Structures are given as C-alpha cells and as structure tokens.
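Presented below is the structure to which this report refers.
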2 protein chains.
Amino acid sequence: MKYSNDTVAILGLGLIGGSLARSLRASGFSQRFIGYGHRDKSLRRGVELGVIDEFTLDLDELIERADILVVCAPTLIAADMLRQILPRLGQSARPAIVTDVASVKGNMRDAAIEVMGAMPPQLVLGHPIAGSERSGVDASDPDLFVNHRVILTPEEGNDPAAVEVIRSMWASTGAEVVDMAVDDHDAVLAATSHLPHILAYALVDALAQSSASTDIFRFAAGGFRDFTRIASSDPAMWRDISIANRSALLDSIDSFSAHLDTLRQAVQAGEAEQLFATFSRAKQARDEFAATLAERNRPTE
Amino acid sequence: MKYSNDTVAILGLGLIGGSLARSLRASGFSQRFIGYGHRDKSLRRGVELGVIDEFTLDLDELIERADILVVCAPTLIAADMLRQILPRLGQSARPAIVTDVASVKGNMRDAAIEVMGAMPPQLVLGHPIAGSERSGVDASDPDLFVNHRVILTPEEGNDPAAVEVIRSMWASTGAEVVDMAVDDHDAVLAATSHLPHILAYALVDALAQSSASTDIFRFAAGGFRDFTRIASSDPAMWRDISIANRSALLDSIDSFSAHLDTLRQAVQAGEAEQLFATFSRAKQARDEFAATLAERNRPTE
C-alpha cells in the first residue's frame, strides 16, 4: 500500500472535523488524531473530550507526522491553508494525502493549481453534505455522516489510489460517497444551498428595512419561520461561500430572477392559467423531492 | 342587543369553517350551526362528525335563519359569495352579520362596495392567521385558533356593534383579535406570506426546469426542504390569492427584487464587507423574529 491511514490530522477543529475524528476512531479506520489550528482553545477542548489525541500549532510538524490531512477550516481560510500545505508536502516515498470538507470546490482546485502549477496527485477534494444547527467541537457527533452524501470531485491529475483512500475513509463513517466534476458540484450546490441562503437573507433584510417591519414580523407565522430559517445562518460563513462560488452563484441568481420576473408578469396580467400551471409544476417537483428525501432518511433495519 | 349570535352559518365547510364551528360549540358562544355549499359531500360529512347540525344548498333559506354568516370559501369564491349574499340581506330589525376568513381583504371590500355602493354596516371582514398541513372538515380542530392571531379590518361604514360581535366570537375561540386597516393587512400578508410562496414556487420551478434538475434534487438536503416546504401548497389557492392581492404582491416582489439585485452586485464585485453587513442584519432580524414567535407560542399555564 502506497498510502497509510494510521494518523489523521484535522486542520480546524469544529463540528465537521470533530465528528469525522470521532467517527474514524469509532470505526477503527485510523488510530491517531492530531488537531491543528492558529489558536489552541478548541484544540485543548478537543483533547479534553477525547476527540483528538494531541494538537500542534506547527504546520511543518503536522505534515511530517500525518498520513491524511483533512482541511476543515471555513471556505476561504481552507483555500489559504492549501496554499501553505501543498508546497511543503515534499516528495517522500510515503506521501500524505490532503483532503477537505469545504462547501465550494472550484476555488480549492484553483488555489492548488495556482501554487503547484497542476493538480497535485494526492489532493482529493471532497464535501460532506451534513451539518447541524449547533457548531464547534462540543457538538461533534460520530454519527453525523450516517446516511448523508459525501461528494468527491476527483480531477484528471489525481492518483486513483489516493482517491480510494479518501473514499474508504468516508465510507467508514456511514456516508454514501459519490463522485462529481468540480464545476457540476459548484453549480448544484449553488442551486440547492447557496442561492436559497441568498434569497432568505435578501427577503428578511428587505422586510426588516421596510417601514412596516414591526407589523410584518408581528404577523408572520410558521410558514415564514421555516422559509427564513437559513437566514439565521453564520454571516461570515455565507460571505465566504458567496465569494468562493461567485460564478455559479451569479448564474443561479440570474436563472431564478428570470423565473421570478415571468411569474411577476403573470401576476400583473392576472394570467390565472399560467399561475396555476407554474404553481402545480413546482408543487409536483417539490412533493417528489420531499418523498425521495423522506425515503432516503428512513431508518434502515 | 341589536344582533343575535344563536345560529351560525358556515359557508364552505373545510378546515377553517369546521374548526370555527367546533370551537364556538365547545365555548357555548353559539347553539346551532348550519352548513352551506354548492355540493353536499363535505356537508354530509360535517353532520356525521357533529361539526354542523344541518345543512342547506339554498342561500335564501340560509340567510333567513342565520344570525352570523361566516364565508369560509377560497379567496375568489368568497368574493363571489359576498356579491350574492349582500343584496339579499334585506333590512330586517334583527339583521344577520356577515364575516369571512379569506387571506386577502381588499378584494372582499371592493366586491361589497361594488354590489352595495358602500360598505354594508354589518359586513365585518376578518382573517384568522391559522392553518394546518391537513385540510377538509375531517381535519377540523376546536383548538386550531388558540393563541393564534385573528385580524379584523373594520371599515368606516361598519356598525361598531357588529364588529364587537365578531370580535367576541373570535375571542371565544382562544385567538388574540387585533384590528388593522384593509390595505395594511394586505401589504403585511403580501410581505410575510404571499411573497414567500411566490419565491418558493419560482425557485422550485426554476430548478425543476434546469438541465441539471436530477442532480439538483438528488443533492438537496434539509435546509432546502424547509425553504421549499410552502411550494407544496395548494396551487389553486395560491393562484387565487395572487390574483386577489395583485397590487400589494407586486409591490412586495419589486421591493424584494431590488434587494436581491443589490446583493447580486455585491457578489459580483466581491464586496465582502457589504455581504457580511447584509447577512448580519438579516440574521439579527430573523433571530429576533424567531425568539418572539417562540415566546408567543410558549404554552401558558
């Protein structure tokens, strides 16, 4: 075996990195877990909780000792970390594999190519579609990825053996691992996650700034609460995702705006049949999606 | 007392009308409940369930016998019903009060003025902000309105005594009754309910029609499910609401679109500080709203 998976480094110890370490420890996929970050607060807590065995603030030491480096930092910091890690990997006979969990993949690929001139064979980009309303290492959960999707975006220059190690790693957490092209990943996530966040933020901000905002929030009910839940998400995280996935997000916004404008014209013209047809089509698509999601999340015996 | 409230007529027996009848019977506010509709299926079921005591398909008979007529039909049909009822009310010494539960109030007021030349003194427009994922008389629940808001929109020409009867009626269901102007009601509901439905329908339809729709729905997760839940609402109901509240809805769409366009420009220009400020403002407003809603819905002892 060209690669080892004994020692896993978690770079940025929060909900996702902590949950991954706990899961890999429970499954026996890896034996030793080292935390890394710029500050030691959450790292000390990770050791206290037994999520990691030790930590270091020294990137060179980390790279020397780890078999798999998992970059779990927020999107834009994750790209910066890649720029620091990749040139230091060296050309040892038993090189470390580098992977990540960031929400956007194109900017990670571009950062790698920017510093290395080409896609490094042992950089395997990935994105677990999992989360929680809670955050931080205290919220970490070894079952966080069970029955969730993890998308890997292997590139032409990748070493297939490195991709297989990362695929096995995620499979051991109970996740379903699927492959996608980087650009497809970013387009799909823009449509299903990044655009809805922008819409929710835009709606709540528009209402909050209106002169009737007191009455508006006073009379809003449960449907509004569900619709705007994602506007309570972390503003720094979504600022970074919006910047990292700019191109696909702009395409998604434009496609949505064109559809909204068509609906607006139908409302203005009182086009009852067109409104009914559009709403019916949307309801059918949404009902099918909800049924699929319920089926996927059904506990298996 | 100028008005009596012994006999209540429910015109259109579904979730809302059935729940109101059950609640008024339980509280003793009224003694006799008569259903009315164009078809007898749900009316027969209402008698079976004990929700109503009897029913009729004859509007003249209904008007002769009822003290309070509650129009519970869907939005546009409700306006048509008003046009039929109001000219038949006559000028008896003990006239019936007419009220409704429709989601839009401006088109109801306009329908009344259209047929009567002015706002009839005994027409008290109202809107209970309550619902359920279930529908129909079988889903009716005497506690549906407990701790929910009911908005009354009394007009200049209304008889204050008639308004007080309807206020007492809703208070007896456990609802909190508040007054608003018709146009304010329609603007607030456009912003908090009608616009979000249009946005959810537009988003799901845009994604369903995209070439990547299979992947898009395959990788969508819980946040998307919550955000699009209202796109599973009844298309006929939302077609009618969109038409009935056209003017306020168009204003809401335009205000939202202007905000979305500003955010789009910030994404395109990579304006990190502006994105962070907008997302933070929206998060704060949404968190405050959610806290208020949780407090309002807290069970009281």
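From the label point of B:ALA212, set 7 Å along Cα to the beta carbon, how far off in nm is each other copy's matching point, shortest first?
Ordered by increasing distance: 3.7 nm.
Given points 7 Å out from each Cα along the Cα-Cβ axis, report the B:ARG44 to A:GLU61 separation in nanometres with one decimal.
It is 8.2 nm.
Nm distances between the label at A:LEU250 and the same-position labels in the remaining copies, 7 Å along Cα→Cβ, shortest first?
Label-point separations across copies, in nm and ascending: 3.1.
How do A:SER233, B:SER193, B:SER135, A:SER172 line up, fewest other C-beta atoms within 10 Å first? Can you show the working numbers first?
Working: A:SER233 20, B:SER193 23, B:SER135 14, A:SER172 17.
Lowest to highest Cβ neighbour count: B:SER135, A:SER172, A:SER233, B:SER193.
Under a point-charge model restricted to the Cβ atoms of Lys and Arg (+1) and Asp and Glu (-1), what is the dipole moment magnitude of segment B:185-270 relative to its Cα centre, in debye to the nearest 20?
Values: 6 positive and 9 negative charges, 45 e Å.
It comes to approximately 220 debye.
Any idea what the dipole of segment B:223-280 comes to, in debye rounded to 20, about its Cα centre with Lys/Arg Cβ at +1 and Asp/Glu Cβ at -1?
Working: 5 positive and 8 negative charges, 47 e Å.
Dipole magnitude for segment B:223-280 comes out near 220 debye.
May I ask you to derive the FRET efficiency for B:GLU273 and A:ASP80 from their Cβ-Cβ distance with R0 = 22 Å, giving the value to the nearest 0.05?
Numbers: r = 19 Å, r/R0 = 0.84.
With a Förster radius of 22 Å, E is 0.75.
Quick one: divide the alpha-carbon radius of gyration of segment B:160-301 by 2.2 N^0.38 Å and tell me what you get.
Numbers: Rg = 19.3 Å, N = 142, 2.2 N^0.38 = 14.5 Å.
That ratio works out to 1.34.
If you average 1/r over every pair of different alpha-carbon atoms in the protein assembly as shown and take one over that average, what Kirkwood value in Å do you get?
26.8
Just name one of A:SER252, A:LEU203, A:GLY223: the one whose Cα is farthest towards the positive end of the charge dipole of segment A:185-270 (beta-carbon charges, Lys/Arg +1, Asp/Glu -1).
It is A:GLY223, whose Cα lies furthest towards the positive end.
Using the Cα centre of segment B:114-205 as origin and beta-carbon charges of +1 (Lys, Arg) and -1 (Asp, Glu), tell me which of B:VAL137, B:MET119, B:ALA191 is placed farthest towards the positive end of the dipole.
So the residue furthest toward the plus end is B:VAL137.
Amide H of B:PHE29: which non-local residues (sequence gap of 5 or more, or other chain) have their own amide H closer than 5 Å, using H built in the peptide plane?
Long-range HN contacts for B:PHE29: none found.
Which distances, in nm and shortest first, link the A:ARG39 label point to the same label point in every other copy, taking 7 Å along Cα→Cβ?
List, nearest first: 6.4 nm.
No lab work stands behind these numbers, since they all come straight from the coordinates. All of these numbers come straight from a predicted model, not from anything done at the bench. With ideal geometry, Cβ positions are generated from the backbone for all residues, glycine too; neighbour counts draw on all protein chains shown.
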